[in-house]
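Heads up, the thing below is written out as structure tokens.
The values are calculated or read from the model by the stated rules, or taken from the named source; none is laboratory data. None of the values given here were measured: they were computed from a predicted structure. Glycine gets a Cβ as well: all are built from the backbone with ideal geometry, and neighbour counts include every protein chain shown.
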Amino acid sequence: MNANLYALFQSRYPEDLNNCWIETDDGRYYSWLDLERGSAKLANLLTSLNLPQGSRIAVQVEKSPEALMLYLASVRAGFVYLPLNTAYRAAEMAYFIANASPAVVVCSPQNFGWITQIAFKAGTAHVFTLDEARDGKNSGSLLTRALHHRDEFETVHKEPDELAAILYTSGTTGRSKGAMLSHGNLASNIRVLQELWQWRAGDVLLHALPLFHIHGLFVAAHGALMNGSKMIFLSKFDSASVIRHLPRSTVFMGVPTYYVRLLADAAFERTLCTSVRLFISGSAPLLAETFDSFAERSGHTILERYGMSETAMLTSNPYDGVRKSGTVGEPLPGVSVRVVRSDGHACASNEIGDIQVQGPNVFGGYWQMPDKTAEEFTSDGFFKTGDVGRFDEDGYLTIVGRSKDLIISGGYNVYPKEIESVIDAMDGVMESAVIGVPDADFGEAVTAVIVERKVGTLSAARVIDQLKSLIANFKVPKQIHFVDELPRNAMGKVQKNVLREMFSKD
């Protein structure tokens, strides 16, 4: 049996391939036959490049049906897909390309010049654009080149443990790590979610998430593909667009920020949600205020779940049953989640400890980092998530913090050390500390606390402007505070908990 993830999806496509697969916000329609033929053409093109087995296909493009088609073509052709955040700039892209050594890099047309320089310097043989304009005139466009290839392709045979994708995550040191996910990891997870969330015939997914991380690609898009369901495909989240399409949708997935912004829109009301059977939230903590306000306004209780790049989904509140605010529910069927003390022993109910997980969804390790991989697994094979939490008496998990000070802002992971290194290198900065503070819109707002070399020489606006040219926008602090010195403990370590208490009240 072929364990290729595409073969699984293909087996679930609707009987009539002329049915709508994707409808875009600007009124374009793509059928399942378009997907089948388009992915075949792209798979044939990639195969024609005579790439080594296991080659990485690195992709940094804007969200589009063609981008999703490219992902499926890469997997179908037996290659390893590497999605990259569209906000990444040159220094970040240089690291990812150097580390992953992709055989192919696909980028947006406007970035072709500088990304080509980075890719060729790193030894990448092929760089293409993804011609989102679909004008068919750009010879450097992957889509234009694919037009000349056959629209039939025999999906490459894969074993469950063979690599399907690499998702870059990071630690507080700022050094990004590539989480290696197999065909079996991704297939097992979406099989469980399809049953748990009771996907059914006729479901329509309103897809407003990005495609470069696990939520939008491996949970939302995979869910629709696994169910043979139509997607209404928004290029980005916009409350007016979501409100316009909700009456024709049955499933919506979002980060907490999306729900905050829907509630802030006066046009959002209960009558729009009558056809929706499930609202799901993840990627960041959902405030109790948002949970309660959404239930009152829409008549729906948001289902919160928990996952990460290394494991896909781990836990979920139930479809049928009590969905508890502030919790991420129970472990998924077939997945073992435990909370342990520092000595490795299991915590009692409501006792806080380190969250660890084991199951068929758990990744195989970090790309080219065997020592780091070994460090992150226990002797009995559980992955150390780095999150801290507790199980209540009903077996629901609550995440209370992150052991390495990871900030999740608007659904994106932000790693303080990376930003601190950039700020510390600025003229006039003695040292800095970056923290996350509660924020109704973003879940957590990135906040920088700076000690100047000479008081009064810097301004918040100047620091933010400089950072915008150096790092992705979602990493740029929303607030800058200046202090005479950073609080430290007896060992000289900066007490970020004190800083959070100081500036969370602002």
Seminar exercise, completed: So the helices (runs of 4 or more DSSP H) completely within segment 218-315 holding 2 or more residues that are under 18 Å from residue 204 (Cα atoms) are 222-227, 239-245
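Consider residue 464 carefully, then state whether it is buried (at least 21 other Cβ atoms within 10 Å of the Cβ), within 30 Å of residue 265 (Cβ to Cβ) and without any contact (Cβ under 8 Å) to a residue 40 or more places away in the chain.
No, not satisfied.
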Exercise. Mind checking which residues of segment 167-214 are assigned to a strand (DSSP E or B), among the polar types (S, T, N, Q) and modelled with pLDDT of 95 or more?
Worked result: 182
For this session: Please work out if residue 483 is under 31 Å from the mean Cα position of the chain (by Cα) and at pLDDT 95 or above.
Result: no
For this session: Pull up segment 375-398, narrow it to residues that are closer than 18 Å to residue 415 by Cα and assigned to a strand (DSSP E or B), then point me to the one that is modelled with the lowest pLDDT.
Result: 388
For this session: Confirm whether residue 338 is modelled with pLDDT of 95 or more, part of a strand (DSSP E or B) and surrounded by fewer than 22 Cβ atoms within 10 Å (Cβ to Cβ).
Result: yes
For this session: List every residue pair whose Cβ atoms sit under 7 Å apart, with the two residues 6 or more apart in sequence or on different chains, where the first one lies in segment 409-423 and is free of Cβ contacts under 8 Å to residues at least 40 places away in the same chain and the second, anywhere, is crowded, with 20+ Cβ neighbours inside 10 Å and assigned to a helix (DSSP H, G or I).
Result: none
Exercise. Got at least one residue in segment 3-17 being in a loop (DSSP other than H, G, I, E, B) and within 26 Å of residue 366 (Cα to Cα)?
Worked result: yes
Exercise. Quick one: residue 118 ticks every box in (1) assigned to a loop (DSSP other than H, G, I, E, B); (2) out of contact with any strand residue (DSSP E or B) (no Cβ under 8 Å at 6 or more places or on another chain); (3) among the β-branched types (Val, Ile, Thr) bar one, so which box is it?
Worked result: (1)
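Yes or no, residue by residue, for (1) in the same structural domain as residue 9 (by TED's automatic domain parsing); (2) among the hydroxyl-bearing types (Ser, Thr, Tyr); (3) in contact with a helix residue (DSSP H, G or I) (Cβ under 9 Å, 6 or more places away or on another chain); (4) touching a residue at least 60 places away in the same chain (Cβ under 8 Å):
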position	(1), (2), (3), (4)
164	no, no, yes, yes
177	no, no, yes, yes
189	no, no, yes, yes
192	no, no, no, yes
258	no, yes, yes, no
Seminar exercise, completed: Considering segment 424-458, residues that are among the small types (Gly, Ala, Ser) and in contact (Cβ under 8 Å) with a residue 12 or more places away in the chain, and then whichever is nearest to residue 406 (Cα to Cα), we arrive at 436
Exercise. Say we look at segment 418-440 and pick out the residues that are in contact with a strand residue (DSSP E or B) (Cβ under 8 Å, 6 or more places away or on another chain) and part of a helix (DSSP H, G or I); which of these is farthest from residue 284 (Cα to Cα)?
Worked result: 424
Exercise. Only one of (1) of a type outside the set (Val, Ile, Thr); (2) surrounded by fewer than 20 Cβ atoms within 10 Å (Cβ to Cβ); (3) under 28 Å from residue 14 (Cβ atoms) is not met by residue 233, so which one is it?
Worked result: (2)
For this session: Have a look at 64, 31, 39 and point out the one that is closer than 21 Å to residue 223 by Cα and touching a Ser or Thr at 6+ places or on another chain (Cβ under 8 Å).
Result: 64
Exercise. Counting only residues that are of a type in the set (A, V, I, L, M) and surrounded by fewer than 23 Cβ atoms within 10 Å (Cβ to Cβ), which one in segment 143-166 is modelled with the lowest pLDDT?
Worked result: 147
